[in-house]
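The values are calculated or read from the model by the stated rules, or taken from the named source; none is laboratory data. Not measured: the values here are computed from a predicted model. Methodologically, a virtual Cβ is constructed for each residue, glycine included, from the backbone with ideal geometry; neighbour enumeration extends over all protein chains shown. With ligands, DNA and RNA removed, areas are computed over all heavy atoms of the protein, side chains included. Shrake-Rupley method; radii C 1.70, N 1.55, O 1.52, S 1.80 Å.
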Amino acid sequence: MGIRFILMVNKQGQTRLAQYYEWLTLEERRALEGEIVRKCLARNEQQCSFVEHRNYKIVYRRYASLFFLVGVDNDENELAILEFIHLLVETMDRHFGNVCELDIMFHLEKAHFMLEEMVMNGCIVETSKAQILTPVQLLEKTS
Amino acid sequence: MSGPSLMDSLFQRTLEDLIKGLRQQLIGEQAFISKALEEIRKEIKSTDLSTKSTALLKLCYLSNLHFHDMSFAAFHALEVLSSPRFSHKKIAYHAISLSFHDSTPVLLLITNHLRKDLTSTNEFEVSLSLQCLSRIANVDLARDLTPEVFTLLSSNKLYVRKRAVAVVLRVFEKYPDSVRVCFKRLVENLENYDPQILSAVVGVFSELACKDPRSYLPLAPEFYKILVDSKSNWISIKVLKIFAKLAPLEPRLANRVVEPICYLMRKTGAKSLLFECVRTVVTSFSEYESAVRLAVGKIREFMVDEDPNLKYLGLHALSIVASKHLWVVSENKEVVIKSLSDPDPNIKIESLRLVMAMVSEHNVAEISKVLVNYALKSDPLFCNEILGSILSTCSRNVYEIIVDFDWYVSLLGEMSRIPHCQMGEEIENQLVDIGLRVKDVRLELVRVARDLLIDPALLGNSFLHRVLSAAAWVSGEYVEFSRNPLELMEALLQPRTSLLPPSIMAIYIQSAFKVLVFCLHTCFVRGGSTAGVSASASYESFDDLSVENGAGSTVAHGQTCTSAPITNESIVNLLKLVELALSPLLGSHDVEVQERARNLLGFVDLIKLEALNSSGQEENDSEQKGVEATKIIRMVHDAFSKELGPVSLSAQGKVPVPDGLTLNENLGDLETICSDIELPSSNTFSFGYPSEEKDVSSFSNLQIKEDSGQSNESTSLLAEHRKRHGLYYLPSGKSEVISNDYPPANDPALQGDNNDTASDLVKLTAESLVPKRKPNHSKPRPVVVKLDEADEKPVAVKHPESRDDSLSGAVLDILFGSEDILPTSSRSNLPSSNRKGKEKQHMITQVESKENVVGDGNSSSRRRKDHSHGKERRHRKKNAEERNETDRKEKESSSNHPRRQKSRQRAEEPLKVPPQTSVIPDFLL
């Protein structure tokens, strides 16, 4: 499993989206998110985007008020994950038009759906924005 | 309340309402949420699926972002799942993916839902159910749904097929037998040209290869082809990961792959792919000089980049190279040392690891000095990081790189005085360990211990207590090296020791006991007896240490006598001091402290009588008593002066079991006997009351007993050490190779750059890394005691997880010719109620007929695996020879290789030798 979890957290440390690819109990999740948020949000722009945590790595990137944090196995390619985060943001941007924290808050299930299009079982399965968005848009039309 | 009314449904709050409501609650969010949960609980019981699904959606939101349990809705999620509407289904699948896990009770009920959707004509429904399966599949689900996944693996809808490929990973992991069914199709997908499919398949294989690379060696030609042809960086990265695992297993493969990787490294513009190439080369192709040089060039570019990400990764890659090619680190040392003062703590840690990798016996002193200065200036976290890595590097392999132990011991003392130091435990261990192992250093050790003990300020720092406990132990145990035992005694009994925790207090008291006995012995037995010459002679006779130490300790001893002559008067004062300091401890709540204080006071009372006698009435009076006292002192001293040596962990095992002793006998009855004995034995320790008359012999017996009891404490200290340090013999040649174990990473931060120290370091390492083999030490390295037998650490018997094992076994089966008979149990595992059962049977036979039936029964048994590898290798060799021939004949360009390799693989199969014995597959469930 390459990707273990994807988190979106705002500046205040509130989780805006959490997607796990392995089962964790609520308590474990709460603890994990707390630790990670404390670790990553304290870092500044001049510091690198990789943090070692427990037995894996966190690759994170900040867009405006939102932090995108991806937990990956140690031998995962950090730069590729950064590219993946960027792709995710671009995709959401294309869909929502100038995406912001509120878009994700109010369309959480859509954001999840997009993620599901991109990542499956911790592996990245789709990297084309058009391909990712087709089913999302289709769904929007039908409902 | 049963279900909600129609009105409730009509005016149900949507998710959007919920979120808006939540945003308006500045305080009282919890109350709002619990109210919402109340509503959800009601709504979710509704018979109207829209109401139900909206409730479920809201619940998902609260569970996902506010950590509210949603397990109560598991069954409702299933109900929504059965809705014909896609939007409902989607919500239900989302909820299930979020909340279901292996022990969810209703998991059993989902199988048929999933099966229905997996065979649906709507590709989005199929995709949803596959997505869900990838999250929640357990053994049963994986087994029951294998046929459906198998069908979807060759679906003509790419959208579905790539998902089916991705889900296979989970299915294999949960139910290894499914490999027999699906693997062939998975491999077929490797030959697909669609990048979507390829990306998914390669992703799956890179995960599989991580767990057990050997099984996937036969697929190397396919991977090679993808590596050469791939246009997608993502796919290339994944294939490189696979090759990083495969190449070390098969040198010929490495030979072949290294060129394309270097080519990729030169031409690619993508940093991620470039870094992956670099990492692959430095981890798995480190013996290819030119490739490593190329990679190192790239690493340098990374390290000097402005981007902290690239800098970090560059340093990280460098630390991978460092284990095999130290020259690379020395070539780049300026950058590394400059990074030590980077604003990013993670980068600092990486560079610290690299600096430690450069340490050798020639530069250890200089580097440590500079690093300790760094530590003084840096923040607590990084400071301890530095100290920790110095400690672990220096103690590696029984202090392999330390030549000058006097220096190291004083460094330990210096380190413990650094304000942020929290490495007390490690320093404690090393101080005691060195004391035991290195005789020559004891003089210095005692000096360092004294300096620590005598400083009252240190007692206030709780991080230092462990160090102080070691210092106390050392000064008690090796008191004969002390210049001034009286001063030591005062240090051990100073009032501020009350700040110590009881366990360390106990060590202090015990050490004070030893020092006291030493003083008394010097005064009465040795000093009292007669003049200097004979004294030193008798000293040497009883103290075997000094015999071996020669000059050093006798000088020290001489100083003892000159600097602080122990007179009767001083002894009297000493005894008074002991009484004064320890009497309050008689009421201590800690048993250990109380008991030891009592022991010591008892002893003092006994001796005091004699000492006062001898001082007051001169020697002529009560000769008898004086003699008795000396006797006692001598006995106790002898008991203490027995040297403690390191003992091997396995020493106990070497004691032969005497004949007639059954070790396994049940000793349960002993307990009752022991409880009888307990009382009288505790009575015998009443010698704390000195007024009682005792005959000397019984007393000294007790004393010895007591001593042995207390030395248990120190032996347990020792045992702890022995456990920590494996005791090995040093290789006689001083090894230059720096081992690659790094101290664990934490995250610290260092402020203030110090360019002067940095340049110092550069210079030092520059000097030290030039391979000058001339030892620049005037002093020879002292003997470090090691035990004969290396304590073989119990080799952790690796039990590969049975599941993985059976997985790779199954993979091997498929790849190396499959069995002609499908294991019956796996057939019987198929659900009989399965309406597609027949179809599945059919499919299986198809698969088998497609596979080359060679009658090779080597199903996954562990013993047979090696066998099959061997066979495989032989084939490869043969094929390689063939290929070489064709190479010479055809001289084709590299892009044509894959085809040839594939034909090679085809040719490989008929070569298979049928096995001699049939083996029962051991992975059947």
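In this simple spin-label approximation, B:ASN112 and B:PHE11 carry label points 7 Å from Cα along the Cα→Cβ vector, and these lie 4.0 nm apart. Determine, from the Cβ-Cβ distance of B:LYS267 and A:GLU45 and an R0 of 41 Å, the FRET efficiency 1/(1 + (r/R0)^6), rounded to the nearest 0.05. Efficiency for this residue pair is about 0.80.
Extension gain B:GLU29-B:VAL139, at 0.36 nm per residue separation less the Cα-Cα distance, in nm? Numbers along the way, then the final one.
Numbers: separation 110, 0.36 × 110 = 39.60 nm, distance 4.04 nm.
Answer, rounded to one decimal: 35.6 nm.
Modelling each spin label as a point 7 Å along the Cα-to-Cβ direction, I'd like the B:SER290/B:ASP379 distance in nm, to one decimal. Calculated label separation equals 4.7 nm.
Too long at a 20 Å Cα-Cα cut-off: which of A:LYS39/B:LYS238; B:LYS211/B:LYS267; A:LYS57/B:LYS231; B:LYS267/B:LYS298? Write out the running numbers ahead of the final one.
On the way: A:LYS39/B:LYS238 29 Å; B:LYS211/B:LYS267 31 Å; A:LYS57/B:LYS231 28 Å; B:LYS267/B:LYS298 12 Å.
Where the Cα-Cα span goes over 20 Å, the pairs concerned are A:LYS39/B:LYS238; B:LYS211/B:LYS267; A:LYS57/B:LYS231.
When only DSSP loop residues count, what GluC sites (Glu not before Pro) in the range B:255-332 have their Cβ near at most 15 other Cβ atoms within 10 Å?
Numbers: sites: B:GLU276, B:GLU287, B:GLU289, B:GLU301, B:GLU306, B:GLU331; in loops: B:GLU287, B:GLU306.
Taking the range B:255-332 and a limit of 15 other Cβ atoms within 10 Å, the loop GluC sites (Glu not before Pro) found are B:GLU287, B:GLU306.
Rounded to whole numbers, the Karplus 3J(HN,Hα) couplings from phi for the range B:347-364 are 5, 4, 4, 4, 6, 4, 4, 5, 4, 5, 5, 7, 5, 9, 5, 7, 10, 4 Hz, using 6.51 cos²θ - 1.76 cosθ + 1.60 with θ = phi - 60°, and x at Gly and Pro.
Across peptide A:112-121, the average count of Cβ atoms from other chains found within 10 Å of a residue's Cβ is 6. Between A:ALA31 and B:PHE86, the FRET efficiency from the beta-carbon distance, with R0 = 51 Å, is close to 0.90.
Which net charge results for the neighbourhood of B:ALA95, defined as the other residues with beta-carbon distances under 12 angstrom from its beta-carbon, given Lys and Arg at +1 and Asp and Glu at -1? Around B:ALA95, the charge tally is +3.
Placing +1 on each Lys and Arg Cβ and -1 on each Asp and Glu Cβ, with no other charges, gives the range A:3-138 a dipole about its Cα centre of roughly 420 debye. Each residue of the range B:456-467 is assigned a 3J(HN,Hα), and the resulting list reads x, 5, 5, 5, x, 8, 5, 5, 8, 4, 5, 4 Hz, derived from the Karplus form 6.51 cos²θ - 1.76 cosθ + 1.60 (θ = phi - 60°), x at Gly and Pro. A probe of 1.4 angstrom, applied to the heavy atoms of all protein chains, finds B:ASP69 with accessible area near 90 square angstrom.
Return the subset of B:LYS58/B:LYS174; B:LYS271/B:LYS311; B:LYS45/B:LYS174; A:LYS129/B:LYS89 for which the Cα-Cα distance in this structure is over 22 Å, preserving the input order. Before the final figure, lay out each step's value.
Working: B:LYS58/B:LYS174 31 Å; B:LYS271/B:LYS311 12 Å; B:LYS45/B:LYS174 34 Å; A:LYS129/B:LYS89 24 Å.
The answer is B:LYS58/B:LYS174; B:LYS45/B:LYS174; A:LYS129/B:LYS89.
Building the convex hull from the alpha-carbon atoms of the range B:429-487 and averaging its projection over directions returns 3.7 nm². Kirkwood analysis of the range A:3-138, using all unique Cα-Cα pairs, places the hydrodynamic radius at 15.1 Å.
Can you give the calculated 222 nm mean residue ellipticity of chain A, where each DSSP H run of n ≥ 4 adds -39,500 (n - 2.57) and the sum is split over every residue, rounded to the nearest 500 deg cm²/dmol?
Theoretical 222 nm ellipticity from helices: -14500 deg cm²/dmol.
What residues from the range B:113-135 fall in the zone where the backbone N is under 20 Å from a label point 7 Å along the Cα-to-C-beta line of A:LEU138? Residues passing the 20 Å test: B:114-134.
With R₀ set to 41 Å, the beta-carbon distance separating B:VAL627 from B:GLU487 gives a calculated FRET efficiency near 0.85.
Going by average Cβ neighbours within 10 Å, how do the peptides B:205-217, B:507-519, B:101-113 rank, with the highest at the top?
Values: B:205-217: 21.3, B:507-519: 26.3, B:101-113: 14.7.
Going by the mean number of other Cβ atoms within 10 Å, highest first, we get B:507-519, B:205-217, B:101-113.
Taking every residue in A:44-51 and counting other chain Cβ atoms within 10 Å of its Cβ, the average works out to 6. What you get for the range B:192-285, charging only the Cβ of Lys and Arg (+1) and of Asp and Glu (-1), is a dipole of about 260 debye around the Cα centre.
Accessible area per residue was computed with a 1.4 Å probe on protein heavy atoms; B:TYR263 scores about 130 Å².
Taking label positions 7 Å along the Cα-Cβ direction at both B:ASN568 and B:LEU580, the computed distance is 2.2 nm, reported to one decimal.
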